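Below: the structure, in structure tokens.
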There are 2 protein chains.
Amino acid sequence: MSNKIFNGLGLPQEELIVFKESLSARQLKKGEYFITEGQASVHLALIESGYLRTFHLDNKGDEITTEFNGPGTFCSSYHSFYSQLPSYESIEAVTDCNLFLISFPALQKHYAHSLQLNVMGRKVLEKACMDRDYFLKRVIHLPAKDKYEWFLKVYPEVYKSARLRDIASFLGIKPETLSRIRRKLSLNQ
Amino acid sequence: MSNKIFNGLGLPQEELIVFKESLSARQLKKGEYFITEGQASVHLALIESGYLRTFHLDNKGDEITTEFNGPGTFCSSYHSFYSQLPSYESIEAVTDCNLFLISFPALQKHYAHSLQLNVMGRKVLEKACMDRDYFLKRVIHLPAKDKYEWFLKVYPEVYKSARLRDIASFLGIKPETLSRIRRKLSLNQ
DNA sequence: TTCACTTTTTGACCTAGGTCAAAAAATCCC
DNA sequence: GGGATTTTTTGACCTAGGTCAAAAAGTGAA
């Protein structure tokens, strides 16, 4: 079983073995849901392969994509997972995925006993926090074309498999606008 | 010394006493800087009273305010504090402030020994992460007027002391636009 | 392969919010 | 308290990106 993912966690060998025992493997086909709006999210996923998309409906009923997550990262509806309240968002497989799942109670049990696992949790959150910070501070207010170019750099894999309209809503622009940007970029060479 | 702030941290009494020994008090007058762009941020602040504003300069040289922090919360340039690299943002007192500071090495020492402190650190980050998530997912793309009304609800205190232009850049709109929104809202009754 | 359905593209038009400049109001500080 | 400085307000105008509708291109199940 893919050790690359696990070594990236920074857990000492002994702790890692114990942690792994709480994981269960899960496969998702493209289009299947990992989390459905309205249900509390019981599991946190560690992505081994594939990409997931987080989205919710706005007040007009349109889907707004808010996250793409790939290999080596944790994925869940943060709000729902930490509060154990119903999720206001859904998470769908953009491609076929292999996940490792850990349940909320199992994770809490580890947190209560293991300092190292808390350190890991803290670091994962620090990164998540800094990523959101960066997006909020440096990306969200750029003109549409610049946002798309940023996306191509940061999510080169997602670009290949996600729908144009999901990429558009992720960047806060309309599909028509993104389509026009793509045409303009392809004309430029 | 203000116990309300400390009891909110969820540390058991013994740990709290040890933690407090690493803190030093600091006062800031309105307008004074806590963190200056370009310098590594050595301290994390726990705010006892007052409000702080985090901002950076965009490529046109305009200030972009990205955070307001108030009593009971931790404040620092996250990126700089966790990486110990020079900060790309500054933090300024919006009102007179009373802070408790802890240095990076002191915090790391506590983290290495105390499970409870790790739990606290993780929970603070979970909240910070969820707040950013919410802002990014549910607020940033609202029309200007709705964003301002959200701000009034969530930051009623900041509204009283912060400059209009800082609130505007925080919401990603121009001061002229916010001024017009305020007029419209005041006409509506 | 074809038919039904979904997604993307294109065109014509519109509007929220940006820009620029100048007046008015608020704040600072000697 | 008064003159300098900063911030906010207002008006006239502009533009990036949104809206609506219809055609074209993809996708997929039978």
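The numbers here are math on the coordinates, done by the rules we state, and not lab data. Here the structure is a predicted model, which is why all the values come from computation and not from measurement. When we count neighbours, we look across all protein chains shown, and the Cβ atoms used for this are built from the backbone with ideal geometry, even at glycine.
Details
- At 7 Å out from Cα toward Cβ: A:Arg180 inter-copy label distances (nm, ascending): 2.1
- In the protein assembly as shown, the C-alpha radius of gyration followed by the widest Cα-Cα span (Dmax) gives 21.8, 67 angstrom.
- Mean-square fluctuations from a GNM of chain A, with a 10 angstrom spring cutoff on Cα atoms, peak among A:Gly72, A:Gly61, A:Gly172 at A:Gly61.
- Residue-count net charge about A:Lys174 - beta-carbon cut-off 14 Å; Lys, Arg +1, Asp, Glu -1: +2
- Paramagnetic label reach from A:Glu37 (point 7 Å along Cα→Cβ; backbone nitrogen cut-off under 16 Å): within the stretch A:145-166, residues A:166.
- Each Lys or Arg adds one and each Asp or Glu subtracts one; over the other residues with Cβ under 12 Å from the Cβ of B:Ile5, this totals +1.
- Counting Cα-Cα pairs of the stretch B:58-189 in 5 Å increments starting at 0 gives whole-percent bin shares of 2, 8, 15, 20, 19, 14, 10, 6, 3, 2, 1, 0.
- Assuming charge only on the beta carbon of Lys and Arg (+1) and of Asp and Glu (-1), the dipole of the protein assembly as shown about its Cα centre is about 1140 debye to the nearest 20.
- Counting, for every residue in A:119-125, the Cβ atoms of other protein chains within 10 Å of its Cβ and taking the mean gives 6.
- Choice from B:Arg138, B:Arg165, B:Arg26 showing the highest fluctuation, given a GNM over chain B with Cα pairs closer than 10 Å: B:Arg138
- Kirkwood radius and radius of gyration were both taken over the C-alpha atoms of the stretch B:23-111, and their ratio Rg/Rh is 0.97.
- Exercise: per-residue mean of other protein chain Cβ atoms within 10 Å, A:127-139: 6
- Nearest-0.05 FRET efficiency for A:Glu149 and A:Asp58, computed from C-beta distance (R0 30 Å): 0.75
- Net charge of Cβ neighbours under 13 Å - reference B:Ile47; Lys, Arg +1; Asp, Glu -1: -1
- For B:Gly8, the distances from its label point to the matching points in the remaining copies are 3.6 nm, ordered from shortest, with each point set 7 Å beyond Cα toward Cβ.
- In the stretch B:13-54, the GluC sites (Glu not before Pro) that fall in loop regions by DSSP, at most 15 other Cβ within 10 Å: B:Glu32
- Residue exposure proxy: A:Ile47, A:Ile35, B:Ile5, ordered by other Cβ atoms within 10 angstrom of their Cβ from fewest to most, comes out as B:Ile5, A:Ile47, A:Ile35.
- Most fluctuating residue given options B:Cys97, B:Cys129, B:Cys75, as computed from a GNM of chain B linking Cα atoms under 10 Å: B:Cys129
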